[in-house]
């Protein structure tokens with residue numbers, strides 16, 4: 001029944017000139033159910049009720065469709081990071097912590113998109129729009145890190161770019177650990193993703209002699 005419904009919706013979207021969007025949405029559903037390695041354009045065409053050649057008129061190949069999903073994902077992440085930073089106006093360290101948690105929350109809410117965003121087979125240099133979206137999301141964190149580092153009491157101020165990379169990596173690492181498709185890792189650890197990330201960011205920021213937000 002689910003497949004039949006998907007085919008019907010896809011055909012309607014296509015007849016209204018919206019095959020591109022239908023492909024993106026169907027691909028997200030497929031990735032959420034099976035993961036990126038089992039995502040196939042040929043099957044999307046069959047599910048949407050279009051010819052095998054139809055998707056190629058919208059996306060050059062499998063990677064181009066994946067890159068489009070990833071681009072949208074980074075734009076969504078940028079918006080979430082910007083909201084987190086704005087919510088902690090006047091407290092750069094709290095903003096840094098908030099951005100880390102916003103990254104994790106986005107990964108948990110948009111698991112299929114997140115999988116596309118960090119798929120290793122995509123070379124950002126081949127997809128300039130994807131590269132621009134990824135850099136824009138990171139720059140939100142970079143600006144927050146700059147403001148936070150200005151508060152450091154360390155003899156040498158930590159490099160903001162390095163701090164942003166470390167916080168980004170912490171959030172991504174925790175997301176990857178807990179958001180595996182089968183949830184096996186989450187069941188083996190005695191804490192939630194949010195708690196683990198909070199502790200990791202706290203220890204890291206203390207090592208930089210930054211004043212804590214609380």
Taking the radius of gyration and the Kirkwood hydrodynamic radius from Cα positions alone, what is the Rg/Rh ratio for region 89-200, to two decimal places?
1.00
Cα centroid distance between region 80-100 and region 61-75, in Å?
27 Å
On a 0 to 90 degree scale, rounded to 10, what angle separates helix 19-34 from the longest Cα axis of the chain?
70 degrees
Scale the Cα Rg of the chain by the rule-of-thumb value 2.2 N^0.38 Å and send over the ratio, two decimals.
1.17
Does anyone have the angle between helix 128-149 and the longest principal axis of the chain? Alpha-carbon axes, 0 to 90°, nearest 10?
20 degrees
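If neighbour count is taken as other Cβ atoms inside 10 Å, put 146, 110 in order from fewest to most.
Details: 146 15, 110 19.
So the residues, fewest neighbours to most, are 146, 110.
By per-residue mean of other Cβ atoms within 10 Å, what is the highest-first order of 122-129, 19-26, 159-166? Please list the in-between numbers first.
Working: 122-129: 13.8, 19-26: 20.4, 159-166: 17.2.
Result, highest mean first: 19-26, 159-166, 122-129.
Residue 57 to residue 176: FRET efficiency via 1/(1 + (r/R0)^6), r the Cβ-Cβ distance, R0 35 Å, to the nearest 0.05?
Working: r = 34 Å, r/R0 = 0.98.
In this case the efficiency is close to 0.50.
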Starting from the coordinates of the alpha-carbon atoms of region 23-65, obtain the Kirkwood hydrodynamic radius over all distinct pairs and give the value in Å to one decimal.
10.3 Å
Compute the angle between helix 193-207 and the longest alpha-carbon principal axis of the chain, please, reported from 0 to 90 degrees and rounded to the nearest 10.
40 degrees
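Read the figures in this text as sums done on the coordinates, not as results from a lab. Note that this is a predicted model, so its numbers are computed, not measured. Positions of Cβ are generated from backbone atoms using ideal geometry, with glycine treated the same way; all protein chains shown enter the neighbour counts.
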